[in-house]
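To start, the structure itself, in structure tokens.
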Protein chains: 2
Amino acid sequence: MNFNYPNGKKYITKELPSEKTAGNKKNGSYSNRGMTLEEDLNETNDYYRERKIAVIHKKPTPVQIVQVDYPKRSAAVIKEAYFKLASTTDYNGVYKGKYIDFEAKETQNSTSFPLKNFHQHQITHMEEVMNQGGICFVILRFTKNEKVYLLEAEHLLSFWDRMANGGRKSITMEEIKQLGHYIPLGYHPRIDYIKIIDTL
Amino acid sequence: MNFNYPNGKKYITKELPSEKTAGNKKNGSYSNRGMTLEEDLNETNDYYRERKIAVIHKKPTPVQIVQVDYPKRSAAVIKEAYFKLASTTDYNGVYKGKYIDFEAKETQNSTSFPLKNFHQHQITHMEEVMNQGGICFVILRFTKNEKVYLLEAEHLLSFWDRMANGGRKSITMEEIKQLGHYIPLGYHPRIDYIKIIDTL
């Protein structure tokens, strides 16, 4: 259940009271129906773009191209290529003139989010974006219960540092609930993260 | 020759008096030595990132992957893939919290810049970025004389409209000189476009 303030702004709880039933148990209408996090975010970004709310795109998968054939009368065919590690996060764009930058990851775990889902290049990129005044965060999905959280990059960075200093290699569910922002799954858009940005 | 104001800001002319000799004729030190526009911009973006001036990356080339082999004990090999048309511009990032977005193109022409270097998807994307308050432009290089100009997206869009209404299919050199901003080739960074952004 959402509440609107008189100014039209949505009231957002970090964790809605109905959270436990908002997933795939509640008559199925908001359940995920097997969509991946990437599909949900693409749908959300299409929604934002069509309504002129924000312009955010997923970057193409970086590929190292080794061999290309140019057959007569048809399109060039890449015959040998390799996946490259991304040097940035996957999503970026503009919202009200501001730079938005995020990475989205999911886990099968249910009690913590493993930090191995990120790599050093991305962490460095997030630091650079924050230093430049950009809005930077991660979207974390727990696939088992379909719960999605937005966690600002500054928190991810401190957990990354904790790991680098010999601490645990994951973020506990408790920490995510405390520092992150719960995003209830919607129908259209699916993952309304801009609503959270407005409250930051 | 560049001049600095007392506040340390560079004095930027739209077209430097020394422009005609600033290219590959002037003792060769600033000449392009066969680098592509993409290489020059990558070098420039590295320069900005290392000095914490801005965080701007080129997006990976979009590729439609059709077949991938997973050989034992070695990396996945993409065996069949095709180049896709980009749905956005090639470069974006953040500068002082603001969203920066641009496309870079070069031409062998010397009297005008053909609009066929752009496609409708990119033009639509630039419109969306402008509507969202982002800073959007194109960097145009004339390869024959190595002259580089920054042209704000609003001007490109009006030339695109002129073409759509039956007008000429290119931007004349005169128009680019009048509306664009000349970027003298430098040594390090090669194409100092952020300096122009500061003056907009």
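With respect to the conditions (1) at pLDDT below 95; (2) crowded, with 21+ Cβ neighbours inside 10 Å; (3) among the charged types (D, E, K, R), B:GLU146 lacks only one, and its number is (2).
At least 3 residues that are within 21 Å of A:ASP90 (Cα to Cα) in each: list the strands (runs of 3 or more DSSP E) lying fully within segment B:75-114 that qualify. Quick ask: steps written out before the conclusion?
Numbers: elements: B:77-83, B:91-95, B:98-107, B:112-114.
The strands (runs of 3 or more DSSP E) meeting that bar are B:77-83, B:91-95, B:98-107.
B:ILE65 meets the conditions (1) more than 19 Å from A:ILE135 (Cβ to Cβ); (2) more than 9 Å from every other protein chain (Cβ to nearest Cβ); (3) β-branched (Val, Ile, Thr); (4) in a strand (DSSP E or B) in every case but one. The failed one is (2).
Out of the residues in segment B:37-60 that are of a type in the set (A, V, I, L, M) and not in a strand (DSSP E or B), state the one that is farthest from the other protein chains (Cβ to nearest Cβ). Give the derivation first.
Of segment B:37-60, the ones of a type in the set (A, V, I, L, M) are B:37, B:41, B:53-56.
Adding the requirement that they be not in a strand (DSSP E or B) leaves B:37, B:41, B:53-54.
On the way: B:LEU37: 19, B:LEU41: 15, B:ILE53: 9, B:ALA54: 7 Å.
Here the answer is B:LEU37.
Taking each residue of segment A:66-92 that is aliphatic (A, V, I, L, M) and looking for partners that are assigned to a loop (DSSP other than H, G, I, E, B) with beta-carbon atoms closer than 6 Å, six or more apart or interchain, yields A:VAL68/A:ALA76; A:ALA76/A:TYR70; A:ALA86/A:PRO62.
Determine, yes or no, whether B:THR89 is exposed (fewer than 13 other Cβ atoms within 10 Å of the Cβ) and touching a helix residue (DSSP H, G or I) at 6+ places or on another chain (Cβ under 6 Å). Here the answer is no, as B:THR89 does not meet what is asked.
Of all residue pairs spaced 6 or more apart or on separate chains, those with beta-carbon atoms under 6 Å, a first member in segment B:24-45 that is hydroxyl-bearing (Ser, Thr, Tyr) and a second member that is at pLDDT below 50 are B:SER31/B:ASN24.
All told, A:ALA153 meets the bar of being within 30 Å of B:ARG51 (Cβ to Cβ), of a type in the set (Gly, Ala, Ser) and crowded, with 16+ Cβ neighbours inside 10 Å. So, of the residues in segment A:69-96 that are within 10 Å of chain B (Cβ to nearest Cβ) and among the basic types (Lys, Arg), which turns out to be nearest to B:MET130 (Cα to Cα)? Across segment A:69-96, the extreme among qualifying residues is A:LYS96.
Looking only at residues in segment A:104-129 that are more than 14 Å from every other protein chain (Cβ to nearest Cβ) and charged (D, E, K, R), the one that is surrounded by the fewest Cβ atoms within 10 Å (Cβ to Cβ) is A:LYS116.
The values are calculated or read from the model by the stated rules, or taken from the named source; none is laboratory data. If you're wondering where the values come from, they're calculated on a predicted model, not measured in any experiment. In this analysis, Cβ positions are derived from the backbone assuming ideal geometry, glycine residues included, and neighbour counts consider all displayed protein chains.
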